[in-house]
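Only one structure is covered here, and it is reproduced in the block below.
The values are calculated or read from the model by the stated rules, or taken from the named source; none is laboratory data. Everything quoted here is computed from the prediction, not taken from an experiment. Cβ placement follows ideal geometry from the backbone for every residue including glycine, while neighbour counts extend to all protein chains displayed.
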Amino acid sequence: MSTPQTLVATGSFTSDGNARDIRFSQPIDYFVVRNRSTWGTTPNARVESTWRSTYAAGQSTGILETGAGALNAAADAAGGNGFTAIDESTLTNQALVATGTAISQANPAVVSDANNPAVGDIVRLFNTTGMLQVGGIDFEVTAINPGVSYTLGYLDSSGFAAAATNVDYRIVPQSRYTERRRYITTITAANPAVVTTSVAHNYSVGDVVTIYVPDANFGMVEINGLQAEITAVTASTFTTDIDASGFTAFAFPTSAQAAAGMTPAHVVPVGEVATSLLSPTDNTSVFALRLGTSVVGANTNVMDWWAYSGENPV
Amino acid sequence: MKMRQSEHDYSWLRKIMKGIRRVSFAIIILWSVGIYAESNSLVLNEAAARLGQSMRETEDELIRDMLAGTASVINCTNGVNGDNPTEITRADVDNVVATLQNNDADFITNMIGGEDKFGTGPVRDAYFALSDTNMIGQFENVNGFIAKAQYPNQVGVLSSEWGSIGNTRIYVSSRGSVTTNGSLLGADIYNVFIGGQESYAKIEQNGVSARFIYHPPGHGDDPAELRQTAAWRMAQVPRITNDAWIISLRCTLA
């Protein structure tokens, strides 16, 4: 029984030797990547690799050209450095990493952990003994010291009463909708008020947001429920048109207050001055295939690929 | 596509549905006339029914995810499970209701007045509370919970409604919103969206409103007239219209 398959997309890239993602507008079921640079040149290297939607993460099959034109089967087992399908419409949190030993009282805060996330990852912290006010909140990793620590670039914990003596984390995928609710780590009591979020916010100048500080333990309750137009942005901060110079200073609750229950300070996008009804509902989810180091080719290799849809034959 | 054992065996269809229901805005089913020569109408009917279900579920999930991503939040803090947020309590529900009232949000359903029936009680004017089926036991433990069966009458009551607490009426779905590993202790957070009238909307896009599309054999690249397809397509923008009128009450399990 034959199975109809349709070519969804084809392309090529020059490899840098590192894993890379190829994005598609729909799910794919079959993928072939061929190394144009090494094909037929007896390189003793993988010259073609294939993926099917039935494969486990990291799995691949392929052809190894070993010399004198000899071809041999090659494969990566599940969990290897082959292909991994990515479907951002069904993202799940990654496994709990429970090896962190401390969060510093510093600006920015630094987490001591032998198992680092990567720069740019969003981590959700748990079991932050001694610093419970940051538990359950998502933070962006802005720097790492491999095997030693990682930095939460948008958290100023220098005013906290004590350092954390334990911290666990999960990497949390966050890309379904651009412009979404973000947690606030500080607001300046100034004119204009500048808000810092725990991760890159992706807001734009002209966006209208509502700021929520519903818990008195955060201090600046005067700003709770106020709408603001954004007048300037950096990756993790935005400047509002609110004069907060007379407001109570913003402060994180203490660890004990957090243990007793709190609602985090947060901001939600509610509109835009220039492009109403656009970005807060922009679903940016993608289907992608991650090419691991076994199949992506060596540095400078030119790789050709073909992606197909259609049920795989059984 | 695999050969079928029986003309009434739709397992292949279910398989395809499972595989493709994650697609947000278009789903297609393809089958061969040669295989289903005697049962095409049955297959088409089944496909149409499942596609209809798929489209509406997808629509609901897109709205759910929009609410989860952009609604303001209030944590349950009055429970005793030691987490943050805690399990849901009456004080937490009343806190959200008071906040919505202070923001001039209108109730969605009217009061159901008391009637002369044993075991029933009046139901207040209410906001809608949309949640996950795993919260059913939590709701039933909240002080003042009234089960749907205890309403004075069932006029206008939906099948997904589970009961009421104070000025909320609760609707549950197995596709409710859950923030996995979101609490202080790493437990799943259940998002209960409590909203008033016109708090959110979906806006259909011109020219690409929801459509069921059927192509008979011979359509497109099918010279032997062996293949037919059925599909749905839609494009819409779900959107909170007034963020002061809907709140995500976040809870963990007791």
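So that you can scan it fast, the table gives a plain yes or no per residue for (1) under 25 Å from the mean Cα position of the chain (by Cα); (2) modelled with pLDDT of 90 or more; (3) among the charged types (D, E, K, R); (4) farther than 14 Å from A:TYR308 by Cβ:
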{"site": "A:ILE22", "(1), (2), (3), (4)": "yes, yes, no, no"}
{"site": "A:PRO27", "(1), (2), (3), (4)": "yes, no, no, no"}
{"site": "A:VAL47", "(1), (2), (3), (4)": "no, yes, no, yes"}
{"site": "A:THR50", "(1), (2), (3), (4)": "no, yes, no, no"}
{"site": "A:ILE63", "(1), (2), (3), (4)": "no, yes, no, yes"}
{"site": "A:THR66", "(1), (2), (3), (4)": "no, no, no, yes"}
{"site": "A:ALA73", "(1), (2), (3), (4)": "no, yes, no, yes"}
Report task. Could you tell me whether region A:188-203 includes any residue that is under 21 Å from A:VAL270 (Cβ atoms), among the hydrophobic types (A, V, I, L, M, F, W, C), in a strand (DSSP E or B) and in contact with a helix residue (DSSP H, G or I) (Cβ under 8 Å, 6 or more places away or on another chain)? Result -> no
Report task. Select from region A:75-98 the residues that are more than 14 Å from every other protein chain (Cβ to nearest Cβ) and surrounded by fewer than 13 Cβ atoms within 10 Å (Cβ to Cβ) and write down the one among them that is modelled with the lowest pLDDT. Result -> A:GLY79
Query raised in the report: Are there any pairs with C-beta distances below 7 angstrom linking a residue in region B:56-71 that is more than 10 Å from chain A (Cβ to nearest Cβ) to a residue that is surrounded by fewer than 18 Cβ atoms within 10 Å (Cβ to Cβ) and at pLDDT 85 or above, with the two at least 6 apart or on different chains, and if so which?
Result: B:GLU57/B:ARG175; B:ASP60/B:ARG175; B:ARG64/B:ARG175
Query raised in the report: Out of the residues in region B:82-105 that are farther than 22 Å from A:TYR183 by Cβ and polar (S, T, N, Q), which is farthest from the other protein chains (Cβ to nearest Cβ)?
Result: B:GLN101
Query raised in the report: Taking the stated definitions as given, is A:GLY246 farther than 29 Å from B:GLY69 by Cβ, assigned by TED's automatic domain parsing to the domain that holds A:PHE24 and at pLDDT 80 or above?
Result: no
Query - Enumeration of residues in region A:1-18 that are surrounded by fewer than 16 Cβ atoms within 10 Å (Cβ to Cβ) and under 26 Å from the mean Cα position of the chain (by Cα) - result: A:GLY11, A:SER12, A:THR14, A:ASP16, A:GLY17, A:ASN18
Query - Meets criteria (at pLDDT 90 or above and within 30 Å of B:PRO238 (Cβ to Cβ)) for A:TYR154 - result: yes
Query raised in the report: If you check A:VAL32 against the conditions, is it more than 14 Å from every other protein chain (Cβ to nearest Cβ), part of a strand (DSSP E or B), of a type in the set (A, V, I, L, M) and within 13 Å of A:PHE83 (Cα to Cα)?
Result: yes
Query raised in the report: Looking at (1) in a loop (DSSP other than H, G, I, E, B); (2) within 19 Å of the chain's Cα centre (by Cα); (3) within 30 Å of A:ASP243 (Cβ to Cβ), which is the one condition that is false for A:ASN116?
Result: (3)
Query - Selected residue (criterion: farthest from the other protein chains (Cβ to nearest Cβ)) from residues of region A:213-238 that are part of a strand (DSSP E or B) and of a type in the set (Gly, Ala, Ser) - result: A:ALA232
